[in-house]
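Working notes, structure below.
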């Protein structure tokens, strides 16, 4: 819709600029001040449209850069066998991004690159079974991207694994504010059961069923059975 409006504005600008109306008629209609105002308004409008297009182009370019960066990181990490070596490689990549001044002009771009490295670190720490490092790294991600639902869910899952169910519930709830994921409801239901909040657990299991779109009969039957058992 925005693109259509921009084309209409540009068409209006061109049509007014190339109008076949006589100069005298325009002067009679608007006057000198009115014509100057219309010209300045249309010039401002054209500059705004050009700036908008340039901004969108830069955002698209930055997104492609992050995608390519993420692919390069994945390729490098996949070639390494030892987890500690993978972490060292990721730490080196992280330092390169943090120290590179060219990213300072676009903080969002820089943060997305850093988050990409942190996400890879979380995967490696998961393979290493290092829950403490996973929590620390997830916390760093959330400082850069406070609405990153997947990270809230992942940190919540680790908190549950550590028996910190209250913290897990808080993270699952934060994740659901950003994205309605069936598995986040499922995970929070399990945490509620551990804190003896059966009613809330039932609500979350029902929410899971209401938005779970995958044709997995075994899982659906399992959840339905759990709900029936909890309600009786």
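If you check residue 159 against the conditions, is it over 20 Å from residue 93 (Cα atoms), in a helix (DSSP H, G or I) and either in contact (Cβ under 8 Å) with a residue 60 or more places away in the chain or within 20 Å of the chain's Cα centre (by Cα) (or both)? Here the answer is no, as residue 159 does not meet what is asked. Condition check for residue 225 on (1) touching a residue at least 12 places away in the same chain (Cβ under 8 Å); (2) not in a loop (DSSP other than H, G, I, E, B): one failure, at (1).
From the list 213, 175, which residue is over 20 Å from residue 160 (Cα atoms) and under 22 Å from the mean Cα position of the chain (by Cα)?
Numbers: 175 fails: over 20 Å from residue 160 (Cα atoms).
From the options 213, 175, the qualifying one is 213.
Does residue 219 satisfy the criteria of being assigned to a helix (DSSP H, G or I), under 27 Å from residue 123 (Cβ atoms), touching a helix residue (DSSP H, G or I) at 6+ places or on another chain (Cβ under 6 Å) and free of Cβ contacts under 8 Å to residues at least 12 places away in the same chain? No; evaluated as a whole, the condition is false for this residue. Please specify each residue of the stretch 16-51 satisfying the condition of being at pLDDT below 80 and either within 25 Å of residue 105 (Cα to Cα) or surrounded by fewer than 10 Cβ atoms within 10 Å (Cβ to Cβ) (or both). If the condition is that a residue be at pLDDT below 80 and either within 25 Å of residue 105 (Cα to Cα) or surrounded by fewer than 10 Cβ atoms within 10 Å (Cβ to Cβ) (or both), then 17, 18, 20, 21, 22, 23, 24, 28, 32, 33, 51 are the ones that fit. Of the residues making up the stretch 90-101, those that are part of a helix (DSSP H, G or I), in contact with a helix residue (DSSP H, G or I) (Cβ under 9 Å, 6 or more places away or on another chain) and either at pLDDT below 95 or exposed (fewer than 12 other Cβ atoms within 10 Å of the Cβ) (or both) are 93, 94, 97, 98.
Please go through the stretch 199-208 and pick out each residue that is touching a helix residue (DSSP H, G or I) at 6+ places or on another chain (Cβ under 6 Å) and within 15 Å of residue 176 (Cα to Cα).
First, the residues of the stretch 199-208 that are touching a helix residue (DSSP H, G or I) at 6+ places or on another chain (Cβ under 6 Å): 200-202, 204-205, 207-208.
Hits for the stretch 199-208 are 200, 201, 204, 205, 207, 208.
Say whether the condition of being in a helix (DSSP H, G or I), under 24 Å from residue 181 (Cα atoms) and in contact (Cβ under 8 Å) with a residue 24 or more places away in the chain is met by at least one residue in the stretch 137-147.
Pass one, the stretch 137-147, residues in a helix (DSSP H, G or I): 137-144.
Filter once more, keeping what is under 24 Å from residue 181 (Cα atoms): 137-144.
Subset that is in contact (Cβ under 8 Å) with a residue 24 or more places away in the chain: 141, 144.
Taking every residue of the stretch 137-147 in turn, at least one turns out to be in a helix (DSSP H, G or I), under 24 Å from residue 181 (Cα atoms) and in contact (Cβ under 8 Å) with a residue 24 or more places away in the chain.
The values are calculated or read from the model by the stated rules, or taken from the named source; none is laboratory data. All figures in this text were calculated on a predicted structure; none of them were measured in a lab. No Cβ is skipped: glycine too gets one built from the backbone with ideal geometry, and neighbour counts run over all protein chains shown.
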